[in-house]
Amino acid sequence: MVLANADAKATVGVLANPASGRDIRRLVAQASVFPTAEKANMVQRICGALGTLGIARVLMSTDLGGISAAVLRATRNRRASQSPWPDLEFCELDRFTETAEDTVTQVRRMIDAGARVIICLGGDGTARAVASACGDVPLLPLSTGTNNAFPQLREATVAGLAAGLVAAGVIDPATATQQTSVLEVRAGDRVELALVDVCVSTATHIGSRALWDPAALTELYCTFAEPDGIGLSSVPGQLCPSPRTEPTGVVLRLCAPEVARHVVHAPIAPGLVLPVGVRSWRPLRPGEELPVSADHGVVAVDGEREIELRRGEPATVRLRADGPRCVDVTRVLGIAAREGWLRDSQQHQ
């Protein structure tokens, strides 16, 4: 099926993080495992959906974990009788750093090469790296990580159809996407952006990066907080929900459960429900900047410790309304149903 009025040069970028869903947190949490084979299969299902729509080209990330190699083998082994795929091009790196820098570089190259939608496979950290580089190009994050508050679990085939409809230009990106909020953290010369939450801990060093001791948490800022969320945003999700469709966030002051005004039993990681003490909370407005109260400790961004606070060096957190534009899969396919983009009408006598 080729979409009528679709741009024949439509291009979609697909980035799959080989490290997502395989980190040290699985020693503590019973998180889902997304092996290389499943990530490669997801990419193939995306390509199948895009090919059905007549999308011309897919730009695929390369990696040292075997995902791109598995997809390449699949392209060579496809039979002529199978549904066509878009032309598949691999985004080569000059060198691999095996850090978020690889993700940022590949996303920028995809966009420079004409990608109109970026699909990323990973967790909150992957989505954050992609969002830092995608600018106004719509992002469609698929969950294959440990804590997945920002990317959502969704069948890759369905995601591919939604991304293809947006990339082909048959659905206006302004209608098909939702602009998200981000949190900007400033501490000295460091600036970090968070898609979901920023948390302050009394821990003295970054260490293993993940946060496990709720009693050590003192401040929590969230762009959204949903009752069915996972991670630290699940705390306000059960106490003072704030939907991701709204620009307003929420800020909480935390404390030890034994002296807290409220104690929330929150799923801070897969399989890990712990009591978190909350002293107070209030809405966080777009553009509002708040000073971090703690004068020492660490700041975690989207669940991972990133910044060590130094005494005498002030830090601030600001909610911004200019986050990435994310493809609303449900909305896109709802429009497709109303407009008949995925239907062939035939006359029968």
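Points to keep in mind about this one:
- Whole-Hz couplings from phi, Karplus 6.51/-1.76/1.60, listed for segment 291-302; x for Gly and Pro: x, 6, 5, 5, 9, 7, x, 9, 10, 9, 10, 6
- In loop segments of segment 296-349 as defined by DSSP, the trypsin sites (Lys or Arg not before Pro) with at most 16 further C-beta atoms inside 10 Å of their C-beta are 310, 311, 343.
- Inter-label distance for residue 77 and residue 285, nm, one decimal - labels placed 7 Å from Cα along Cα-to-Cβ: 5.9
- Acute angle (nearest 10 degrees) that the helix 124-134 long axis makes with the longest principal axis of the chain, alpha-carbon atoms: 60
- Share of carbon and sulfur in the accessible heavy-atom surface of the chain [1.4 Å probe, %]: 49
- Over the chain: helical MRE at 222 nm, DSSP H runs n ≥ 4 each giving -39500 (n - 2.57), nearest 500: -7500 deg cm²/dmol
- Based on protein heavy atoms only, the chain ends up with 45 Å² per residue of surface accessible to a 1.4 Å probe.
- Summing +1 for each Lys or Arg and -1 for each Asp or Glu among the other residues whose beta-carbon sits under 13 angstrom from that of residue 253 gives +2.
- Under the simplified labelling scheme, the residue 293-residue 202 pair shows an inter-label distance of 1.3 nm, with each label point 7 Å from Cα along Cα→Cβ.
The values are calculated or read from the model by the stated rules, or taken from the named source; none is laboratory data. Just so it is clear, the structure is predicted and the values come from calculations on it, not from any experiment. Every residue, glycine among them, receives a Cβ derived from its backbone with ideal geometry; neighbour counts consider all protein chains shown. Areas reflect the complete protein model, heavy atoms only, side chains present, ligands, DNA and RNA absent. Shrake-Rupley method; radii C 1.70, N 1.55, O 1.52, S 1.80 Å.
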